[in-house]
Amino acid sequence: MATMRTAPLSIRDRLRAQLADLKMPGALEALDDILAALDGGTLPAPAALEALLGAQITLRNNRRLQAAMRSSRLPAVKTLADFDFSFQPSIKREQLESLHSLGFVERKENVVLLGPPGVGKTHLAISLAVATAESGRRVYYGTLGDLITSLEEASQAGRLQQRMKTLVFPALLIVDEIGYLPITKTGAMLFFQLISKRYEHASTVLTSNKSFDEWGEVFGDEVMAAALIDRLVHHCHIVNIRGNSFRMRHHTELRSALGAPRHPPAGRPQRGARSASPSTPDQAS
Ligand code: ADP
Ligand code: MG
């Protein structure tokens, strides 16, 4: 019986087979272009290796993000790269970049973004969630109103423990829009329980248009609000944003007609909390 002679595999074919074997489709797809650039002398070898692994990491992160978009209720994808720091000079770029390296998630610290409407609080909260999801961790997003409604409904249906578990489990929970809607007494209590359970267990990012001094009003209970703030700020990075609404950036006249100062004064000093120091932006204060 005649044996078919197969041509020996070229090193390039073996590379392709190895990448397929290792289940690295991102790297596999990028391989030909990277090899061509190497052959053409336009890409040094270390950069080629970095590009090859980078292509795989990008694919993996995209997949993680897509999975998170299905389960985390994130309303959009926003990234730090889309954030225009020149529009919001009160935000320290180094602090935000440092937060996006996710040391705070590892250390189970919190982030509170404070400021008037339109200054980018939700954008930055989401971009932290996106970075966390890309790192392979579980994230969950809700407005305070949504989260409280879901807890109240679960409580009425006798499923509170399950719902609490769902909200305590993620490595990062975003609580957006604290201060826009009134909260019932039961709602405030359920939220307090949630934060108590997450305290020192996993990170929470919260956004509010109200300074901490006003949270008593928001939650309808000064003592509970103080206890809540106490837990939140124990290991916390505070980003206090003073500036104009990005939504209204093309409406300078409208803004002055509404009587808004160009740079409204900072919120009142925060009870029990210091802003993260600019020299060590990712250290809890
Ligand atoms: P807030 O939550 O503080 O009310 P958002 O984060 O929702 O504000 O911002 C309003 C809109 O403007 C969003 O679409 C957001 O992506 C965009 N935005 C806000 N600030 C910036 C910025 N500095 N650079 C780029 N886009 C921004
Ligand atoms: Mg918002």
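The values are calculated or read from the model by the stated rules, or taken from the named source; none is laboratory data. From a predicted model like this one, the values you see are computed outputs, not experimental measurements. Here Cβ is always computed from backbone atoms with ideal geometry, including for glycine, and neighbour counts include all displayed protein chains. Keep in mind that these areas ignore ligands, DNA and RNA; they rest on the heavy atoms of the full protein, side chains included. Shrake-Rupley method; radii C 1.70, N 1.55, O 1.52, S 1.80 Å.
Summarising the amide proton neighbourhood of residue 236: residues at separation of 5 or more, or on other chains, whose placed amide H is nearer than 5 Å comprise 110, 285. For the chain, the 222 nm mean residue ellipticity estimated from helices alone, with every DSSP H stretch of n ≥ 4 adding -39500 (n - 2.57) and the total spread over all residues, rounds to -15000 deg cm²/dmol.
Remark: the range 168-176, residue by residue, has Karplus-estimated 3J(HN,Hα) of 8, 5, x, 5, 9, 10, 9, 10, 9 Hz, where x stands for each Gly or Pro and the curve is 6.51 cos²θ - 1.76 cosθ + 1.60 at θ = phi - 60°. Only Lys, Arg, Asp and Glu carry charge here, each on its Cβ (+1 for the first two, -1 for the last two); on that basis the range 55-209 has a dipole of about 540 debye about its Cα centre. Treating the angle as unsigned and between 0 and 90°, give the value, to the nearest 10°, between the Cα long axis of helix 144-156 and the longest Cα principal axis of the chain. For 144-156 against the chain, the angle is about 80 degrees.
Cα centroids of the range 201-243 and the range 36-73: 38 Å apart.
Using only side-chain charges placed at the Cβ, +1 for Lys and Arg and -1 for Asp and Glu, the dipole size of the chain relative to its Cα centre rounds to 380 debye. Just the protein heavy atoms count here, and of the accessible area of the chain at 1.4 Å, carbon and sulfur take up 55 percent. In the chain, one over the average inverse separation of all distinct C-alpha pairs is 21.5 Å, which is the Kirkwood hydrodynamic radius. Across the alpha-carbon set of the range 1-76, the Rg to Rh ratio works out to 1.19, Rh being the Kirkwood radius.
Computed with a 1.4 Å probe on the full set of protein chains, the accessible area for residue 13 sits at about 60 Å². Please work out the Cα center distance from the range 80-124 to the range 179-196, rounded to the nearest Å. First find each Cα centre; the distance between them is then 24 Å.
Seen against the Cα atoms of the chain and their longest principal axis, helix 185-198 is set at about 40 degrees. Figure note: 247, 231 ranked by solvent-accessible area, largest first, 1.4 Å probe, ligands and nucleic acids not counted: 247, 231.
For the residues 66, 161, 193, a GNM of the chain with alpha-carbon springs under 10 Å puts the largest fluctuation on 161. Could you tell me which residue out of 142, 126, 115 lies farthest along the dipole of the range 93-145 toward its positive end? Charges go on the beta carbon: Lys and Arg +1, Asp and Glu -1, centred on the Cα centre. The listed residue farthest towards the positive side: 142.
Between 0 and 90 degrees, the angle of helix 25-39 with respect to the longest Cα principal axis of the chain falls at about 60 degrees.
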